[in-house]
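Only one structure is covered here, and it is reproduced in the block below.
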Amino acid sequence: MTKRAFAVRLLALLVAAGGADAAWSEGDLTLQEQNGAPFAGLTALQLERFETGRIDYQSPISIEMGSGPGLNKSNCGSCHGTGTIIGGPGVIQVTLFGADDKGSWVGLEHLGGPLFQLNSISSECREDIPPEATIVVNRVTLGAMAYGLVEAIPDAELFALEDPFDTDSDDISGRVHVVEALEAPGVSRAGRFGWKAQIATVLSFSADASVGEMGFTNRLIPEETAPNGDELLLAECDTVADPEDGPDANGLDFIDRVTFFQRYLAPPPQTPRSGMEGATVFNDIGCAKCHTTTFTTPDDPALEEVLRDRTFHPYSDFLLHSMGLLTDGVRQGNAFESEMRTPPLWGLRWRDPMLHDGRAAGGSFITRTTDAIQQHGPFGEGADSAAAFAALSEDDKAALFRFLDSLGRNEFDFDGDEDVDLDDFNTFKDCFVLDNVISPEESCAIGDVDQDGDVDLVDAGYFLEVFEGELVDCNDNGVIDLLDILNGTSADADGNGELDECFCLGDINGDGEVDGVDLSSLLGNWNTTAPAADLNQNGLVEGGDLAVLLGEWGNCDS
């Protein structure tokens with residue numbers, strides 16, 4: 001039985017016995033997807049495509065397959081990922097070079113620009129930043145989280161957000177970057193991906209990155225970029241016929257498979273989901289004017305069902321804004337040198353570095369975020385919000401940081417280490433006070449998943465669904481041991497998740513017997529604080545522990 005099925009059955013029994021909120025039903029058990037997880041509710045085929053795409057996303061493209069001659073990395077996950085979160089924002093910086101012509105950007109395409117490929121398949125095939133380049137800038141790689149939802153935003157909805165002439169005089173004049181998808185040339189679309197919103201679709205993003213970052217040509221971009229524009233060098237170095245990408249047994253190219261992965265990658269969670277004071281501060285100082293909180297995808301039969309009529313919170317309008325000093329000076333398509341696309345803030349809590357060039361990096365989350373906000377001034381469309389932030393009281397700043405820290409936190413992940421384990425259970429246990437009143441500002445709110453103001457048995461059912469440890473019923477009473485501990489029906493004095501009544505005190509090595517091996521272990525730890533041998537839990541291994549062991553001598557079940 002799966003953890004979800006077990007949790008559902010358990011909660012149904014609790015409801016029937018009056019031990020949980022009778023308003024609960026199986027249909028209410030809807031957790032947010034965790035960081036790096038697929039959408040819940042994918043069909044079997046979609047989940048298979050997600051998993052296949054995730055493998056390709058992390059697997060190197062070899063030289064024999066066609067990587068190079070110039071490249072930055074050999075696989076997508078090297079650039080797009082944070083820790084264990086495949087597809088998240090990365091720490092890698094990509095370099096662009098160009099020249100300044102009386103204040104205007106020149107991409108130096110004839111010299112291999114504007115994208116500089118740091119690596120190559122051999123020293124002879126390498127690219128160098130040419131001496132003609134007077135501008136060299138870096139961009140931090142973006143995440144690919146929930147690209148399917150972002151692509152599903154109708155163009156008309158993005159156009160409705162733009163105000164290029166600032167007609168409402170609020171100093172915000174965002175505009176749509178109108179582009180064409182590589183797979184649909186001649187058709188105008190609202191760009192939404194990339195630091196300049198220069199890409200409209202996930203497939204275009206996959207094809208563009210495949211060639212630019214890995215030197216792997218495909219059906220949409222079938223030709224390599226010559227190192228520094230040297231076609232003769234390209235002819236010598238490019239040893240695999242173009243396009244190098246090709247269909248698998250299912251008729252899908254590499255760019256199709258990684259597109260499915262990105263389309264079906266769920267958005268980062270937000271915990272607590274709502275009600276935080278910092279969200280009000282966020283709106284009051286004007287952040288939401290660009291970092292638009294909410295979109296809802298259309299109920300369009302052309303979309304996969306899991307992407308239809310879905311409300312999500314990216315905290316971005318996906319528009320171009322003039323950012324003053326917070327820009328890279330690059331002209332890309334119709335995006336001017338001073339313009340940058342509003343980056344989504346979902347997943348912000350684990351983003352390091354921040355900002356397009358990574359200038360806000362290191363230190364604590366609060367110091368990074370403070371730096372990133374301050375960098376929005378003193379000029380450009382973010383300047384008023386930066387000034388308003390500086391004028392906040394310390395209490396309001398603290399509330400804002402608590403809210404921003406919720407963006408990307410998994411439910412029940414109290415310690416923020418991207419898993420839900422025994423440490424989180426012990427914190428959950430401390431919060432488990434029936435009839436207590438918990439506000440979204442309190443740390444215990446991370447465990448109040450149904451946001452009804454307390455941490456109770458209903459939340460415990462949610463917890464069991466995502467708990468990464470084993471669910472055990474060691475006393476065979478039909479209730480998971482963790483619930484026995486929560487309810488106080490059984491004790492767990494040392495907080496190891498095991499019922500004391502099921503634990504044979506003298507069995508130090510856990511083989512089911514108390515014998516000479518355990519005695520040897522105890523004596524070997526004599527006069528130390530070793531927890532396993534401190535059987536009476538007084539902080540020291542000594543005669544009292546020896547007495548406990550001898551009293552338990554023999555088989556634990558006897």
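Just so it is clear, none of the values below were taken in a lab; they were calculated from the coordinates. From a predicted model like this one, the values you see are computed outputs, not experimental measurements. FYI the Cβ positions are ideal-geometry reconstructions off the backbone, even for glycines, and counts take in every protein chain you see.
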note = A correct Stokes-Einstein calculation for region 93-237, using the alpha-carbon Kirkwood radius, 10 °C and 1.306 mPa s, returns a whole-number D in µm² s⁻¹ of 92 µm²/s
ask   = Order of 527-539, 218-230, 360-372 by packing, highest average Cβ count within 10 Å first?
value = 218-230, 360-372, 527-539
task = Could you work out how far helix 457-466 tilts from the main Cα principal axis of the chain, as a 0 to 90 degree angle to the nearest 10?
result = 60 degrees
task = Could you size up the charge dipole of region 331-464 around its Cα centre, putting +1 on the beta carbon of Lys and Arg and -1 on that of Asp and Glu, and report it in debye to the nearest 20?
result = 980 debye
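Taking 2.2 N^0.38 Å as the expected size of a compact globular protein, what ratio does the Cα radius of gyration of region 121-205 give against it, to two decimals?
Expressed relative to 2.2 N^0.38 Å, the Cα Rg reads 1.46.
Net charge near SER120, counting Lys/Arg +1 and Asp/Glu -1 over other residues with Cβ under 9 Å of its Cβ?
Here the count lands on -1.
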inquiry  = Below 8 Å, C-alpha to C-alpha, sequence gap of six or more: please give me the relative contact order for region 504-555 in percent.
reply    = 41 percent
Cα extents of region 47-178 along the three principal axes, largest first (Å) = 55, 50, 24
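Listed highest first by mean packing, meaning other Cβ atoms within 10 Å per residue, what order do 347-353, 291-297, 281-287 come in?
Highest to lowest by the protection proxy: 347-353, 281-287, 291-297.
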inquiry  = Starting from the Kirkwood Rh over alpha-carbon pairs, what translational D in µm² s⁻¹ does region 109-166 have by Stokes-Einstein at 37 °C and 0.692 mPa s?
reply    = 207 µm²/s
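Quick one: in the chain, what % of C-alpha pairs are over 37 Å apart?
Here the tail beyond 37 Å accounts for 44 percent of pairs.
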task = Quick one: how many lysine pairs does the chain have with C-alpha atoms less than 25 Å apart and a gap of 8 or more or different chains? Give me the count, please.
result = 5
key: All Cα pairs of region 178-254, percent lying beyond 19 Å   = 44 percent
ask   = Size of the dipole of the chain about the Cα centre, Lys and Arg at +1 and Asp and Glu at -1 on the beta carbon, nothing else charged, in debye to 20?
value = 2040 debye
request  = Run the numbers on the chain and let me know its relative contact order in percent, using alpha-carbon pairs under 8 Å that are six or more apart.
outcome  = 14 percent
query = Tell me, how many Å apart are the Cα centres for region 191-236 and for region 410-483?
reply = 46 Å
query = Based on the mean of other beta carbon atoms within 10 Å per residue, what is the order of 439-450, 102-113, most packed first?
reply = 439-450, 102-113
inquiry  = With equal scatterers on the alpha carbons only and no solvent term, can you work out the Debye log10 of I(q)/I(0) for region 27-121 at 0.22 1/Å?
reply    = -1.14
inquiry  = Roughly how far apart, in whole Å, are the Cα centres of region 156-170 and region 68-145?
reply    = 32 Å
inquiry  = Let me check I've understood the local charge: for VAL106, count other residues with C-beta under 15 angstrom from its C-beta, Lys and Arg +1, Asp and Glu -1. What total comes out?
reply    = -4
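Please give the length that would be gained between GLU470 and CYS502 if that part of the chain were fully extended, namely 0.36 nm times their separation in residues minus their C-alpha to C-alpha distance (nm, one decimal).
Length difference between fully extended and current span is 10.0 nm.
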remark   = Counting every C-alpha pair in region 207-343, the percent lying more than 24 Å apart is 58 percent
inquiry  = Treating only the Cβ of Lys, Arg, Asp and Glu as charged (+1, +1, -1, -1), what charge dipole size does region 504-555 show about its Cα centre? Round to the nearest 20 debye.
reply    = 160 debye
ask   = Which three lengths, in whole Å and largest first, does region 504-555 cover when its Cα atoms are put on their principal axes?
value = 26, 17, 13
query = Going by Cβ distance under 4.7 Å, what cysteines of the chain have no possible disulfide partner?
reply = CYS76, CYS79, CYS287, CYS290
message = Just to confirm the number: angle between the C-alpha axis of helix 202-214 and the first principal axis of the chain, 0 to 90 degrees, nearest 10?
response = 80 degrees
task = Kindly provide the helix-only [θ] at 222 nm of the chain, computed as the sum of -39,500 (n - 2.57) over DSSP H runs of four or more divided by all residues, to the nearest 500 deg cm²/dmol?
result = -8000 deg cm²/dmol
